[in-house]
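Derivation of every value follows stated rules applied to the coordinates shown; laboratory data play no part. As the structure is a prediction and not an experimental result, all values here were calculated from the model. Glycine gets a Cβ as well: all are built from the backbone with ideal geometry, and neighbour counts include every protein chain shown.
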């Protein structure tokens, strides 16, 4: 009888440990949100290009917003079963990159990914359509604590964010068929 109780306690303890780490918050996107049929690969390509050099998004808040949305989206999405073979180091890098990009934008870490990614993509679509006033309405608290004008200035002049650069390049490379998985 005592051995059954011990076994039950051990099983319950192990089950509790397995459930201790919830998956990262992930935004749900419409089809082709990043311009390709595969949102994950499109996001990785957009982010890796944009974060390689600040000059690539200079004076272009649309590209800056899409790149920031891509990092936030990938931080959660890379934990999906689809990317089981991706290096765990790359997944951790992307989570750090999410935090660093959010810090630059004035977005608190606790804000849901759906709110951040959705607002950035809606901003980009409205700005690109020429409706700047409507676009700015997406860059407001509680997601963007610095308000629309200051967030717009950041999106126009994204600084170099090393974690976003490294994580997005690693993710893009590893997503390729036969990609670089040497960082395991």
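Which of 166, 82 has the fewest other C-beta atoms within 10 Å, and how do the rest follow up to the most?
82, 166
Once volume of the Cα convex hull per residue in Å³ is worked out from the coordinates, which option in (1) 137; (2) 180; (3) 122 does it equal?
(1)
To the nearest 10 degrees, how steeply does helix 2-18 sit against the main Cα axis of the chain, on a 0 to 90 scale?
10 degrees
How high is the relative contact order of the range 29-85? Use alpha-carbon pairs under 8 Å, at least six apart in sequence, and give a whole percent.
Once normalised by length, the contact order is 31 percent.
Quick one: 83, 127, fewest Cβ neighbours within 10 Å first, how do they rank?
Ordered by Cβ neighbours within 10 Å, fewest first: 83, 127.
I'd like the projected area of the range 37-130, averaged over all directions, using the convex hull of its alpha carbons. Report it in nm² with one decimal.
6.4 nm²
Which order do 49, 79, 168 fall in if you start with the one that has the fewest other Cβ atoms within 10 Å?
49, 79, 168
Quick one: if you stick a label point 7 Å off each Cα along the C-beta vector at residue 55 and residue 96, how many nm between them?
For the pair residue 55/residue 96, the computed spacing is 2.7 nm.
Using alpha-carbon pairs under 8 Å, 6+ residues apart, how would you state the relative contact order of the chain in percent?
The normalised contact order for the chain reaches 29 percent.
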